[in-house]
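Enquirer: A single structure is presented below for examination.
The values are calculated or read from the model by the stated rules, or taken from the named source; none is laboratory data. Please read these numbers as outputs of a predicted model, since none were measured by experiment. Counting neighbours? That spans all protein chains shown, and the Cβs are built from the backbone with ideal geometry, glycine included.
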């Protein structure tokens, strides 16, 4: 593979691999709860529901993270991706307790996905500006998104 291509996507690849490991962790939790001899179905239902909810949002997360990284800048996209994985872990663990404990993780995850979607949109808009009008604002936008990614840490 071309070294220049790998240089532009390696952070996104690392986040994607970490997310795959997280999916394995979630699947093992479901399997472990399924094999519990106690026969309680409420624990299994919670774990299964949390896993299903995380898997429902997973393709959206991957799509917007990769689009943001390729269209604009991989560093803030990968940072937001790591934040999303931490939030998803918090959501999953919170769902195992009471479902109200998972709400902060859910809301923060929506905010991270919106940021990644915004990065995608700005990157595509900048490409269209370059292509049709010859105006390139990518450097300004990259600086802005790098600074804005730190704002994701605010509660």
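Enquirer: List every residue pair whose Cβ atoms lie under 6 Å apart, where the two residues are 6 or more positions apart in sequence or sit on different chains, the first residue falls within region 1-21 and is touching a residue at least 12 places away in the same chain (Cβ under 8 Å), and the second residue, located anywhere, is part of a helix (DSSP H, G or I) and surrounded by fewer than 14 Cβ atoms within 10 Å (Cβ to Cβ).
Expert: Sorted first by the residue in region 1-21, then by its partner, the list stays empty.
Let's see how each residue does on (1) more than 20 Å from the chain's Cα centre (by Cα); (2) surrounded by 14 or more Cβ atoms within 10 Å (Cβ to Cβ):
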| residue | (1), (2) |
| --- | --- |
| 98 | yes, no |
| 112 | no, yes |
| 119 | no, yes |
| 127 | yes, yes |
| 136 | yes, no |
| 140 | yes, no |
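Enquirer: In addition: Find the residue count for region 81-138, including only residues that are touching a residue at least 12 places away in the same chain (Cβ under 8 Å) and outside any helix (DSSP H, G or I).
Expert: Qualifying residue count for the region: 0.
Enquirer: Of the numbered conditions (1) closer than 20 Å to residue 149 by Cβ; (2) under 13 Å from the mean Cα position of the chain (by Cα); (3) modelled with pLDDT of 85 or more; (4) surrounded by 15 or more Cβ atoms within 10 Å (Cβ to Cβ), residue 105 fails exactly one; give the number of that condition.
Expert: (3)
Enquirer: Among what's in region 44-59 and is free of Cβ contacts under 8 Å to residues at least 12 places away in the same chain and surrounded by 11 or more Cβ atoms within 10 Å (Cβ to Cβ), pick the residue that is nearest to the chain's Cα centre (by Cα).
Expert: So the first thing to find is which residues in region 44-59 are free of Cβ contacts under 8 Å to residues at least 12 places away in the same chain, and the list is 45, 52, 56, 59.
Of the ones still in play, those that are also surrounded by 11 or more Cβ atoms within 10 Å (Cβ to Cβ) are 45, 52.
Values: 45: 24, 52: 16 Å.
Only one residue tops the list, namely 52.
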